[in-house]
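Bear in mind that the values in this text are calculations on the coordinates, not laboratory data. Keep in mind that this is a model prediction, so the values were computed, not measured. Here the Cβ positions follow ideal geometry from the backbone for every residue, glycine too, while neighbour counts run over all protein chains shown.
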């Protein structure tokens, strides 16, 4: 799952949120340099990613992109799950509430200051200025996120097929999300509880 989903699945716990959001920028034993609750957030992120990757709905969603993107199809689905989450009324009842959530996340991350790894600290101002967590609720915003993914990728260079497939199969991908979101929320909630126990 991508940034919005990991923020949402931090269950309004600020230190878990920091760890959950920076996890991809922390390698190997580097996680053990952080205080305990940030370490928990890093572990929660990795557990969520593992669960997501092996869920049948994710496998079905990847098939729409596999011919064009192969191993990157999983990263594409991560981006698109954020789009569907942003529009899920059971999670965000309105765009205004989504934006308020996004601003709270940015403030929490900014307040973490020097605790953020350099790579994430460099990315955060762009995330905040361009309001990545909010903009993904529109199809245009999701398309921009796909373009950003392709720019950062080593072995793909054209977001066009992904954007067209997203448009053509929007309802099918929505169905995959619908089959997935309840399961991942239950899984993450249980994992969160175990980490804090």
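Gyration tensor analysis over the Cα atoms of the stretch 1-134 returns equivalent ellipsoid semi-axes of 24, 19, 14 Å (largest first, whole Å).
Using all pairs of distinct alpha-carbon atoms, the Kirkwood hydrodynamic radius of the stretch 46-197 works out to 16.6 angstrom. The value of relative contact order for the chain, using C-alpha pairs under 8 Å at least six residues apart, is 28 percent. Label zone of residue 71 (point 7 Å out along Cα→Cβ, amide N under 15 Å): in the stretch 146-183 this covers 153-157. Using a Gaussian network model of the chain in which every pair of alpha carbons under 10 angstrom is joined by a spring, one finds that among 130, 37, 174 the greatest mean-square fluctuation is at 130. If the Kirkwood radius is taken over C-alpha pairs of the stretch 128-183, then at 10 °C and 1.306 mPa s the Stokes-Einstein diffusion coefficient equals 127 µm²/s.
For the Cα atoms of the chain, what angle does the longest principal axis make with the long axis of helix 73-86, in degrees from 0 to 90, nearest 10? Once rounded, one gets 80 degrees. What is the helix-to-structure angle for 95-112, meaning the angle in degrees between its Cα long axis and the longest Cα principal axis of the chain, kept from 0 to 90 and rounded to the nearest 10? Helix 95-112 sits at roughly 40 degrees to that axis.
A crude spin-label estimate for the pair residue 123 and residue 171, with each label 7 Å from Cα along the Cβ direction, gives 3.5 nm. For the chain, the longest principal axis of the Cα atoms and the long axis of helix 118-129 meet at an angle of about 60 degrees.
Helix-only arithmetic for the chain: the sum of -39500 (n - 2.57) across DSSP H runs with n ≥ 4, divided by the residue total, places the mean residue ellipticity at 222 nm at -22500 deg cm²/dmol.
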